[in-house]
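Where a number appears in this text, it was derived from the coordinates with a stated rule and is not lab data. The model shown is predicted, which means the values in this text are computed figures rather than measured ones. Note that we place each Cβ from the backbone using ideal geometry, even for glycine, and neighbour counts take in every protein chain shown.
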Amino acid sequence: MEGNAAVLDPEICKPCRGGVPPLTREEALRLLPEAPGWKVTADCTKIEKTFTFADFRSAFEFVKKVAGLADAVWHHPVINVGWGICTVVLHTKKINGLHAYDFFMAGKINALGDEGHS
């Protein structure tokens, strides 16, 4: 795999259409620095991050931003929201595992969270 920046370049990194193997643990861990705060799950099929906010309304507004992004790029995470927290889980359903696009999305979601999380 090339450098992480090249792998996650929006001109190169496209949503997975299937037909490729999921990332290995080593590949996922190599991309993880591009998604600060995200963790690879024990089975290495997902990445997740919990964002914190001042209150429920702020957390819910973040969910709406993530939903807008997800619809725009057709890559939909699992989202759990509660008072002052929102956990986002990414994986690629077509390959039942992780793809470079999950890490690309994590970076985009981080940017949304930087706008309002504490």
Practice problem: Mind giving me the nanometre distance, one decimal, between the label points for Arg25 and Trp83, set 7 Å out from Cα along Cα→Cβ? | Solution: 3.8 nm
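Here is the link list: Lys39/Lys108; Lys46/Lys108; Lys65/Lys108; Lys46/Lys93; Lys65/Lys93; Lys49/Lys94. Which ones come out longer than 18 Å on Cα distance? Can you show the working numbers first?
On the way: Lys39/Lys108 16 Å; Lys46/Lys108 16 Å; Lys65/Lys108 11 Å; Lys46/Lys93 10 Å; Lys65/Lys93 21 Å; Lys49/Lys94 21 Å.
From the list (Lys39/Lys108; Lys46/Lys108; Lys65/Lys108; Lys46/Lys93; Lys65/Lys93; Lys49/Lys94), the Cα-Cα distance tops 18 Å for Lys65/Lys93; Lys49/Lys94.
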Quiz item: Across the range 87-94, in residue order, what do the Karplus-derived ³J(HN,Hα) couplings come to in whole Hz, using 6.51 cos²θ - 1.76 cosθ + 1.60 with θ = phi - 60° and x for Gly and Pro?
Solution: 9, 10, 10, 10, 6, 9, 4, 4
